Amino acid sequence: MDGRAGIDAALVRRLIAAQCPQWSDRPVRPVDVDGWDNRTYRLGDDLTVRLPTAGAYAAAVGKEHRWLPRLAPWLPVPIPEPVALGRPAFGYPHPWSVRRWLDGATASPATVGDLTAFAVAVGEFVVALQRIDPTGGPTAGAHCFHRGTPPAHYDDETRKALATLDGRIDTVRAETVWTTALTADWHGPPTWFHGDIAHGNLLVRDGHLAAVIDFGTSGVGDPACDLVIAWTMFHGPSRDAFRATVAQDEGTWARARGWALWKALITADLRVVDEVLTDPTG
């Protein structure tokens, strides 16, 4: 078996043959770079099959199938295009989807040409997403793992991580960043957010932003969570360019800093913790 959660290429072939027989003659193979929430397989050259690895991720399938086609026309670069929605079968308990393949390499220092220009492009994507009419969109909650809600949802988890890392990081300064995030109340109108604007979900061609993928944590609410990449990928001039492009208020940046700190703490990414704590503009 080449997958996890009972998912492998043989299962994908059986699901396609039973529910999408028009594609049953196409080869199925795992993608080179896969995520954790879903297993993704190439279906021929121009399609992919995406299967959640657990029930917690299954709600994203229907959400993306419904909303991605409505968001796509308003965005400056392509996003995943659903073409079929699959049902549980053969012991696999979750819905699954077929999408068009988006070509590109994962964003990294090796694939991005000009990081400052790239930061502007990512910022423009975030702004374009926020400008889309949110009426009827999925309100932030459990389906997006509470992205788009106040970071206070993860207060207990953050404080436990701070206690665990005491002596390895400046916990006094980190707690100040976290407390500031909790007290920076969000007063703006709800907007669309992606929920995981990170290098692994940004595709690059010829050094430029080519597509944005994985909207599983998307929804409508506080957009602060989409600014975390300011610390996880950008620095110096590129961070300044991203900040200028998204043009958010100080409270939103304080909450974004809290989101970045939370994720770094629970994954013990001390490099990002250091970036958050030492950012002179924060």
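The values are calculated or read from the model by the stated rules, or taken from the named source; none is laboratory data. As the structure is a computational prediction, the values presented were derived from the model and not from experiment. Heads up, the Cβs are rebuilt from the backbone with ideal geometry, glycines too, and the neighbour counts pull from every protein chain shown.
Descriptive notes on the structure:
- Filtering region 160-174 for residues that are of a type in the set (A, V, I, L, M, F, W, C) and under 22 Å from His65 (Cβ atoms) leaves an empty set.
- Single residue of region 5-15 satisfying the filter (assigned to a loop (DSSP other than H, G, I, E, B) and out of contact with any Ser or Thr (no Cβ under 6 Å at 6 or more places or on another chain)) that is farthest from His199 (Cα to Cα): Gly6
- The number of residues in region 10-27 that are touching a helix residue (DSSP H, G or I) at 6+ places or on another chain (Cβ under 6 Å) and farther than 15 Å from Pro88 by Cα comes to 2.
- Per the conditions (1) out of contact with any strand residue (DSSP E or B) (no Cβ under 6 Å at 6 or more places or on another chain); (2) surrounded by fewer than 18 Cβ atoms within 10 Å (Cβ to Cβ); (3) under 24 Å from Thr232 (Cβ atoms), the sole criterion not satisfied by Gln22 is (3).
- Flag for His235 being within 14 Å of the chain's Cα centre (by Cα) and under 20 Å from Ser108 (Cβ atoms): no
A quick yes/no check of all residues on (1) among the basic types (Lys, Arg); (2) at pLDDT below 95; (3) under 29 Å from Thr116 (Cα atoms):
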position	(1), (2), (3)
Lys160	yes, no, no
Thr164	no, no, no
Arg173	yes, no, yes
Thr176	no, no, no
Leu203	no, no, yes
Ala211	no, no, yes
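- Neighbours by Cβ (under 7 Å, 6+ apart or cross-chain): first from region 225-242, in contact (Cβ under 8 Å) with a residue 60 or more places away in the chain and small (Gly, Ala, Ser); second surrounded by fewer than 24 Cβ atoms within 10 Å (Cβ to Cβ) and not in a loop (DSSP other than H, G, I, E, B): Ser238/Leu115; Ser238/Thr116; Ala241/Thr116; Ala241/Val120
- Restricting Thr158, Thr176 to those that are under 16 Å from Arg257 (Cβ atoms), in a helix (DSSP H, G or I), within 25 Å of the chain's Cα centre (by Cα) and of a type in the set (Val, Ile, Thr) reduces the list to Thr158.
- Restricting attention to region 216-253, the residues being assigned to a loop (DSSP other than H, G, I, E, B) and either under 18 Å from Glu275 (Cα atoms) or not aliphatic (A, V, I, L, M) (or both) number 10.
- Taking region 16-88 and the strands (runs of 3 or more DSSP E) fully enclosed by it, the elements with 1 or more residues that are over 14 Å from Asp214 (Cα atoms) and not hydrophobic (A, V, I, L, M, F, W, C) are at 28-30, 38-43, 82-86.
- Residue count for region 89-105, restricted to those that are under 18 Å from the mean Cα position of the chain (by Cα) and either of a type in the set (Ser, Thr, Tyr) or assigned to a loop (DSSP other than H, G, I, E, B) (or both): 5.
One line per residue, one yes/no per condition, for (1) more than 20 Å from Cys144 (Cα to Cα); (2) at pLDDT 95 or above:
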| residue | (1), (2) |
| --- | --- |
| Gly35 | no, no |
| Leu43 | yes, yes |
| Leu51 | no, yes |
| His65 | no, yes |
| Pro80 | no, yes |
| Ala84 | yes, yes |
| Thr111 | yes, yes |
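- Of all residues in region 189-211, those satisfying the criterion of being assigned to a strand (DSSP E or B) and buried (at least 23 other Cβ atoms within 10 Å of the Cβ) are Trp192, Phe193, Leu202.
- Within region 139-155, the set of residues being in a helix (DSSP H, G or I), surrounded by 15 or more Cβ atoms within 10 Å (Cβ to Cβ) and of a type in the set (Gly, Ala, Ser) comprises Ala152 only.
- Scanning region 1-60 for residues that are free of Cβ contacts under 8 Å to residues at least 12 places away in the same chain and among the polar types (S, T, N, Q), we see that the one that is nearest to Ser218 (Cα to Cα) is Thr40.
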